[in-house]
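The values are calculated or read from the model by the stated rules, or taken from the named source; none is laboratory data. Computed from a prediction, not measured in an experiment: that's the story for all the values here. Positions of Cβ are backbone-derived with ideal geometry, glycine not excepted, and every protein chain shown enters the neighbour counts.
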Amino acid sequence: MLNYIFEKIDSGIELSEEDLKYLLLIENKDELKKVFDKAYEIKEQNIGKKVWFRGIIEFSNICKKDCYYCGIRKSNKTVERYIMKEEEIIAGAEWAYKQNYGSVVLQSGERDDPIFVDFIERILKKIKELSKGELGITISLGEQTKETYQRWFDAGAHRYLLRVETSNTKLYKKLHPEDHNFEQRVNCLQLLKEVGYQVGTGVMIGLPMQTIDDLVDDILFFKKHDIDMIGMGPYIVSENTPTSELIEDFDSIKENQYMLSLKMIAAVRLFLKDVNIASTTALQALKTYGREMGLKAGANIIMPNVTDTIYRPSYQLYENKPCIDENSDLCMGCLESRILKIDEEIGLGEWGDSPHFTNKAAQKK
Ligand code: 5AD
Ligand code: FES
């Protein structure tokens with residue numbers, strides 16, 4: 001079966017639902033290695049032997065939403081809330097710029113009040129200014145109106161991450177309170193595209209009640225919505241959250257979550273080929289070398305944390321989040337050597353746009 005799937009890939013024939021399911025169900029170690037190697041080969045063909053960095057600044061954990069799985073959900077009263085000062089965020093971006101990272105990601109809990117919208121707009125403009133327009137900016141700030149998306153785009157952001165978390169609407173409902181709405185989220189992806197962003201989405205892998213068929217549907221969803229960038233990671237229990245109560249013994253499923261996440265990365269690479277795929281921090285939370293393994297399985301983006309260490313313990317979306325203590329300099333050193341160790345080059349100073357987006361834009365011309 002695997003040879004048949006590889007032949008299809010080599011002849012440019014689209015993989016079927018059954019093929020994707022087969023890939024996600026593989027347990028045999030030799031077969032798995034072949035799948036990861038093939039996904040890596042496809043990544044190399046489309047992107048090169050290259051990893052792009054995005055310095056991520058998690059500048060606030062204040063959130064108006066209440067997702068049942070998330071450690072910084074509104075109802076979690078054990079979390080000390082913070083928002084970094086404008087100068088601190090700018091300093092983080094400047095640091096990333098000086099390291100020649102090429103891009104930053106600004107992420108926070110969700111807010112849509114006018115003060116927040118203005119605050120972000122100002123920061124985006126300042127980051128553009130300090131980097132003479134050279135630093136690429138991705139934002140990950142949840143559901144907003146088209147007008148807000150437009151203002152932030154005009155201020156300098158050009159990529160947006162908004163995970164749908166799962167494409168199974170019934171499961172989405174079980175993981176969120178009544179006022180959270182899947183259709184609205186999907187509509188936001190459409191708005192972002194209309195404004196002109198490179199659009200990223202993704203899902204959590206190994207959620208309670210999630211099936212392999214759901215994950216196959218997630219991959220088809222990415223295709224259907226013509227997504228440019230994918231950020232997926234394993235679901236990890238988070239203390240004081242309702243979803244974590246559904247899991248009896250997380251330690252016993254960790255290995256499975258981890259392997260399934262790698263398989264998802266590989267399957268998405270084999271299916272979508274030219275999108276950017278992030279090897280997410282959640283993978284590293286499960287395995288020390290998880291992010292490197294994500295790259296080996298077909299991912300091409302790493303998001304080193306450049307948030308000031310004093311804030312990191314408060315941005316715990318899930319347990320065991322790595323690099324809580326290290327400052328950004330240390331993170332950089334360790335990451336760089338880890339990436340060179342797996343024989344990949346870092347695309348320093350480059351925006352590292354999604355080839356899928358660039359290819360689409362070229363076709364339109
Ligand atoms: N485990 C893994 N990922 C999580 N996220 C939130 N909570 C968890 C968790 N418990 C992810 C969501 C969100 C992103 C910022 O963090 O997918 O979109
Ligand atoms: Fe903040 Fe889900 S809890 S967006």
Among the residues of segment 270-292, are any of a type in the set (G, A, S), assigned to a loop (DSSP other than H, G, I, E, B) and within 16 Å of ligand 2 (Cβ to nearest atom)?
no
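Conditions tested, residue by residue: (1) more than 14 Å from ligand 2 (Cβ to nearest atom); (2) acidic (D, E).
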| residue | (1), (2) |
| --- | --- |
| M204 | no, no |
| M209 | yes, no |
| D213 | yes, yes |
| D226 | yes, yes |
| M229 | yes, no |
| M232 | yes, no |
| Y235 | no, no |
| P242 | no, no |
| L246 | yes, no |
Go through (1) within 13 Å of ligand 1 (Cβ to nearest atom); (2) under 20 Å from I139 (Cα atoms) for V79 and report which single condition fails.
(2)
Do you know which residues across segment 193-202 are within 16 Å of ligand 2 (Cβ to nearest atom) and either of a type in the set (D, E) or in contact with a helix residue (DSSP H, G or I) (Cβ under 7 Å, 6 or more places away or on another chain) (or both)?
T201
Quick test of your reading of the structure: E88 fulfils all but one of (1) more than 30 Å from N181 (Cβ to Cβ); (2) surrounded by fewer than 20 Cβ atoms within 10 Å (Cβ to Cβ); (3) without any contact (Cβ under 8 Å) to a residue 60 or more places away in the chain; (4) over 21 Å from the mean Cα position of the chain (by Cα). Name the failing condition by number.
(3)
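Just one of F250, F221, F182 is within 16 Å of ligand 2 (Cβ to nearest atom) and either of a type in the set (K, R) or surrounded by fewer than 21 Cβ atoms within 10 Å (Cβ to Cβ) (or both); which is it? Explain how you work it out, then say what you get.
Working: F250 fails: within 16 Å of ligand 2 (Cβ to nearest atom); F221 fails: within 16 Å of ligand 2 (Cβ to nearest atom).
The unique qualifying residue is F182.
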Selection from segment 140-171 of residues within 13 Å of V203 (Cβ to Cβ) and under 18 Å from the mean Cα position of the chain (by Cα) yields L161, L162, R163, V164, E165, T166, S167
Could you figure out which of (1) within 16 Å of ligand 1 (Cβ to nearest atom); (2) over 23 Å from the mean Cα position of the chain (by Cα); (3) not aromatic (F, W, Y) isn't true of D118?
(1)
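Counting just the residues of segment 40-79 that are among the hydroxyl-bearing types (S, T, Y) and touching a residue at least 40 places away in the same chain (Cβ under 8 Å), which one comes out nearest to L335 (Cα to Cα)?
Quick first cut of segment 40-79, residues among the hydroxyl-bearing types (S, T, Y) only: 40, 60, 68-69, 75, 78.
Those left that are additionally touching a residue at least 40 places away in the same chain (Cβ under 8 Å): 40, 60, 68-69, 78.
Values: Y40: 19, S60: 24, Y68: 32, Y69: 28, T78: 31 Å.
Going through the qualifying residues, I end up with Y40.
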Counting just the residues of segment 48-69 that are within 11 Å of ligand 1 (Cβ to nearest atom) and among the hydroxyl-bearing types (S, T, Y), which one comes out farthest from Y311 (Cα to Cα)?
Y68
Counting only residues that are at pLDDT 85 or above and in a loop (DSSP other than H, G, I, E, B), how many does segment 350-365 have?
5
Which condition does K74 not pass, out of (1) more than 23 Å from the chain's Cα centre (by Cα); (2) within 16 Å of ligand 2 (Cβ to nearest atom), if it passes all the others?
(1)
Of everything in segment 287-322 that's without any contact (Cβ under 8 Å) to a residue 40 or more places away in the chain and among the polar types (S, T, N, Q), which residue is farthest from Y40 (Cα to Cα)?
T309
Any residue at all in segment 167-183 that is within 20 Å of K21 (Cα to Cα) and touching a Pro at 6+ places or on another chain (Cβ under 8 Å)?
no
With the condition kept exactly as written, say whether any residue in segment 101-114 is assigned to a helix (DSSP H, G or I) and at pLDDT 95 or above.
yes
In this structure, is I277 under 20 Å from D214 (Cβ atoms), modelled with pLDDT of 95 or more and out of contact with any Lys or Arg (no Cβ under 9 Å at 6 or more places or on another chain)?
no
The lone exception for K21 - which of (1) within 24 Å of F357 (Cβ to Cβ); (2) out of contact with any strand residue (DSSP E or B) (no Cβ under 8 Å at 6 or more places or on another chain); (3) part of a helix (DSSP H, G or I) it fails:
(1)
All but one of (1) in contact with a Lys or Arg (Cβ under 7 Å, 6 or more places away or on another chain); (2) part of a helix (DSSP H, G or I); (3) crowded, with 20+ Cβ neighbours inside 10 Å hold for F6; which doesn't?
(3)
